[in-house]
Structure formats: C-alpha cells, structure tokens
Ligand SMILES: CC(C)(COP(=O)(O)OP(=O)(O)OC[C@H]1O[C@@H](n2cnc3c(N)ncnc32)[C@H](O)[C@@H]1OP(=O)(O)O)[C@@H](O)C(=O)NCCC(=O)NCCS
C-alpha cells in the first residue's frame, strides 16, 4: 500500500442517528466499555462513530477484517495499530469537535485536528501562551469571525503537528511556528528554531463545513483525498438524504 495520497475521512454524528447502538457489536470489548462510560450522549455517539469509521477505513487500507484490528497506545496516549501480521501498518490519527469526527490515514507519522468555527473564550490568553508574536499579530489585527477563523486555523496547524509527533502537552507549542497568513497555504516555518525539521513536514487543510481542519504528515509533499463517511459506506444501511 502506498499512501502518498493521505486519506481524510470525516463524518457527522446526526447522519448516523438511530444507528449507534447497532454499531456497538462492531467494537472491541474495551471500546464498548469506554463507550458506555460516557455520560454525555453526544460524546458517546461521537466516540462510537469514530471507532466504527476508524476500523472500517483501516480495514480497507490494510486488508484486515475491521473487527480483527487491535490497537495499542504510545507513551503519551497516541493510538496506533498493533495487529499481528501487519508488516507496515498504516499510520492514523483521529479528531473530533462538536458533532464532527475526522480521521487521517497515511504511510508516515500523521496528526489531525478539527475545530468547529466559534468564538474562542480566552483567545488572547491562549495566543499569548502558545502563539509567536507574528502569529498573534495576524490574528488580532482581524475582527469578528475572521479573527476566530485565523485563531483556529493556527491552532489546528499546531495541534495537527503536535498530534503527529504523539508527544501530547509536553511539547512547547510556541516553538511550533506556523504560516499565520490565511491568504497563504498552511505550513510549518520552524520547530524550536529548526527550519530543516519544519521542511520535512507537510500541512494540508480540509474544507469541512463549519469547521477548520488541518492534517500534518512527516513527508515533504503530499496530497489529500477527502471523503465524507456516511451510513452507505457501511453497506446495507440507509444513505444520507
Ligand atoms: C492528546 C491531545 C493532543 C488531544 O487533543 P484534543 O484537541 O483534546 O482532541 P482531538 O479530538 O483532536 O483528538 C483526540 C484523539 O486523538 C488521539 N490521541 C490521544 N492521545 C494522543 C496523542 N498523545 N497524540 C496524538 N493523538 C492522540 C485519540 O485517538 C483521541 O481520540 P479518542 O480518545 O477518542 O481515541 C491533547 O490531549 C493535547 O495534548 N493537547 C494539547 C493541548 C495544547 O496545549 N494545545 C495548544 C494548541 S496551540
């Protein structure tokens, strides 16, 4: 399998309303227990949908029956495929926001972040802590929704990179310098001042309604294949109207 083309699949919880409980048997015992522990219905449904989509898509990418896939987590919690017999398991990463779930699959380290477009509480404080002076300038010279979008765009770029590395909150995010100008394609300018390391990465944006979504992959060039995942993908279930 060659995934120079990154696969991005996204889905929307309401598209699957009434179907979630029928999906539970497709999950492992551990995933089912995790699903049951969610107190908030939206979070529970989002988790179930994310796992069903993940298994379905990784099954396609690796040629393994989705229910037979097994997973493990890295030191800081990043899940990876740990299925016996797979020599080069695909890399993947999941993200969610509101009713949206998105998944990236690639041959190389990959991270993804999605954020619903919204006014961000404490944007000034967060930007002061995590953004470079140039990133802050680009955000706060704007007003209203343009400002929210500029903030979230930079945020998703940093998070996508952070999630690709799998390091979690331990990484100093101010050192992850992104392309802050919304008129230019996304990208990494430097990682802790290292421009060569930044050049090893590609950042790509996905056009998903009502959201900002960035994928980071550790390769110098890549293209994105984006598809909406619907009940029809699972076969025999009603298609989205
Ligand atoms: C792990 C982390 C990256 C998740 O971020 P989030 O925005 O809360 O959540 P997302 O919806 O994007 O991603 C969650 C998914 O990422 C995956 N994940 C978990 N730990 C991960 C890690 N260390 N690295 C990458 N992916 C991870 C999981 O699949 C998880 O979904 P699941 O729990 O349903 O399996 C987060 O805990 C973290 O460390 N955030 C950094 C916070 C920060 O300082 N941000 C500043 C940005 S400018």
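For the chain, the 222 nm mean residue ellipticity estimated from helices alone, with every DSSP H stretch of n ≥ 4 adding -39500 (n - 2.57) and the total spread over all residues, rounds to -10000 deg cm²/dmol. Taking a ≥ b ≥ c as the square roots of the eigenvalues of the alpha-carbon gyration tensor, the stretch 6-58 is classed oblate because a/c is 1.5 or more while a/b is no larger than b/c. Sorting 101-111, 215-225, 117-127 by their mean Cβ neighbour count within 10 Å, with the most densely packed peptide first, gives 101-111, 215-225, 117-127.
Taking every alpha-carbon pair under 8 Å whose residues sit at least 6 apart, the stretch 5-227 reaches a relative contact order of 21 percent. If the segment from residue 24 to residue 122 were pulled out straight at 0.36 nm per residue, it would be longer than the present Cα-Cα gap by 31.5 nm.
When each of the peptides 158-168, 129-139 is scored by how many other beta carbons lie within 10 Å of its residues on average, the order from highest to lowest is 158-168, 129-139. Remark: the Cα gyration tensor places the stretch 15-140 in the oblate category, a/c being 1.5 or greater and a/b not exceeding b/c. Label zone (residue 145, point 7 Å along Cα-to-C-beta; backbone nitrogen cut-off 18 Å) within the stretch 118-139: 118-121. For the stretch 112-241, the square roots of the Cα gyration tensor eigenvalues, ordered a ≥ b ≥ c, give a/c of at least 1.5 with a/b no greater than b/c, which places it in the oblate category. Site pair residue 67 and residue 223 shows an inter-label distance of 3.7 nm when each label is modelled 7 Å from Cα along Cα→Cβ. For the chain, the Cα gyration tensor yields ellipsoid semi-axes of 31, 21, 16 Å (square root of five times each eigenvalue, largest first, whole Å).
Read-outs: derived from the displayed coordinates by stated rules, not from any lab. This one's a predicted model, so the numbers in the text were calculated from it and none came from an experiment. Cβ coordinates were reconstructed from backbone atoms using ideal geometry, including for glycine residues, and neighbour counts include every protein chain displayed.
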